[in-house]
Amino acid sequence: EDGTVNARVLSAFAAVERHGFVDTALVNQAYEDTSLPIGLQQTISKPSVVARMLTLLMQAPALAPLGNGQPAGRVLEIGTGCGYQTALLAQMAKSVLSIERLRALHDKARANLDGQRGTHVRLVLGDGRLGHAPNAPYDAIIAAAGGDELPEAWLAQLADGGRLVAPLRTTSSAGQVLIVVDRIGGELRRAQHEAVH
């Protein structure tokens, strides 16, 4: 990958105002390429990292736009946070189901996305490590944060032709790297990309 940002991702970034998802005191920093606190020791990720993860995600065959230009694909987002990435995904996918385990953040995202939610964006309060089996399989799964391994539930809920993108701690590096998993013909293919913080 040459790091080029997908045109659909650029279009989504142009449509979604990041300053609407950060605290008032941080509005003047909203468009800097930096992560910002959103409460409960959580952050809104750096725009460059969000753009990179979404660009990798949008390369899933199942997310290719339909012939009429309408977005395709069902996305599962693990970790709603403040709802910023959810709003971006809503610009690019047919439907988005986003799970957040912290009630205060779930409520904040609900308020931030008020008016943007509809039939194609659903917010769920729950443990993202379990995915969301009732609506599986998903054409794409994206995780805001990663652990030491990918939960089996995520892999099981990935549709054929689907793609999973998540940061993961590895033994070979001190931090996290982006991991991409594609399900092709029932087989899982895994690729490791650059380091992220």
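Suppose all protein chains stay in the model; what accessible area per residue would a 1.4 Å probe give for the chain, in Å²?
49
What net charge do the residues around G147 carry, taking every other residue with its C-beta under 11 Å from that of G147, with Lys and Arg at +1 and Asp and Glu at -1?
0
Using a 1.4 Å probe over the heavy atoms of the protein chains, calculate the carbon and sulfur portion of the accessible area of the chain as a whole percent.
Working: 4850 of 9590 Å².
Carbon plus sulfur share of accessible area: 51 percent.
Looking at (i) 35; (ii) 30; (iii) 46, which value of percent of Cα pairs over 25 Å apart comes from a calculation on the structure shown?
(ii)
What are the ³J(HN,Hα) values, in whole Hz, obtained from phi via the Karplus relation 6.51 cos²θ - 1.76 cosθ + 1.60 with θ = phi - 60°, for each residue of the stretch 24-31 in sequence order, with x given for Gly and Pro?
Calculated HN-Hα couplings, in order: 3, 5, 10, 4, 5, 9, 4, 9 Hz.
Once the Cβ-Cβ distance between L26 and H193 is put in as r, and R0 is 22 Å, what FRET efficiency do you end up with, to the nearest 0.05?
After rounding to 0.05, the efficiency reads 0.15.
Looking at the chain as a GNM with Cα springs under 10 Å, which of A25, A143, A156 has the largest mean-square fluctuation?
Highest fluctuation among the options: A25.
Using Cα centres only, tell me the gap between the stretch 104-171 and the stretch 6-23 in whole Å.
Their Cα centres are 19 Å away from one another.
Indicate, rounded to the nearest 5 percent, the antiparallel portion of the DSSP beta bridges found entirely in the chain. Display every interim value, and only then the final one.
Numbers: 19 of 37 bridges.
Roughly 50 percent of the DSSP beta bridges within the chain come out antiparallel.
The values are calculated or read from the model by the stated rules, or taken from the named source; none is laboratory data. Note that the structure is predicted; figures quoted are calculated from it, not measured. Every residue, glycine as well, gets a Cβ built from its backbone with ideal geometry; the counts of neighbours run over all protein chains shown. These accessible areas exclude ligands, DNA and RNA; they are computed on the full protein's heavy atoms, side chains included. Shrake-Rupley method; radii C 1.70, N 1.55, O 1.52, S 1.80 Å.
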